[in-house]
Amino acid sequence: MKKFNIRDFDAKAFNKCGEVFETIASSANSTLKVERILSRGDVSEDGFWYEQDKDEFVMLVFGCARIQTGDSEIELKDGDCLLIPKMFRHRVSYTSSNPPCVWLAVFGDFESAFSPKQGRVAIQ
């Protein structure tokens, strides 16, 4: 077992390479993947849209960002989460550079229920 803090990263190395995608954990049969993403002013290329074959639970741990979904945008700040269904067309339209964005993304096949009163997401 190895402990780490998702907000800790090598700033000098990050400054040299731009956006970073790091796999934290994955299942043997590739049905589940957990990633840390570091962004600093990075956005999706013009005309590029994600349409992934897995559901994506994403949490913005640190920073500010916007996700574009068609004609609307969803603003995210520290601690905000989204459950993006598979094949849902979306793109990253903004990420803060100071502070940089630290994301936690979990890819898989989820059935979910969100209960604002309980303040949690239950993945069934």
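Brief remarks follow.
- Note on the range 85-106: among residues that are of a type in the set (A, V, I, L, M, F, W, C) and touching a Ser or Thr at 6+ places or on another chain (Cβ under 9 Å), the one that is surrounded by the most Cβ atoms within 10 Å (Cβ to Cβ) is 101.
- All positions within the range 22-55 that are surrounded by 11 or more Cβ atoms within 10 Å (Cβ to Cβ) and at positive phi: 41
- Within the range 35-71, the only residue that satisfies the criterion of being aliphatic (A, V, I, L, M) and out of contact with any Phe, Trp or Tyr (no Cβ under 8 Å at 6 or more places or on another chain) is 67.
- Residue 19 satisfies every condition listed in (1) at pLDDT below 90; (2) exposed (fewer than 11 other Cβ atoms within 10 Å of the Cβ); (3) acidic (Asp, Glu) except (2).
The values are calculated or read from the model by the stated rules, or taken from the named source; none is laboratory data. Everything quoted here is computed from the prediction, not taken from an experiment. Note that each Cβ is placed from the backbone with ideal geometry, even for glycine, and that neighbours are counted across all protein chains shown.
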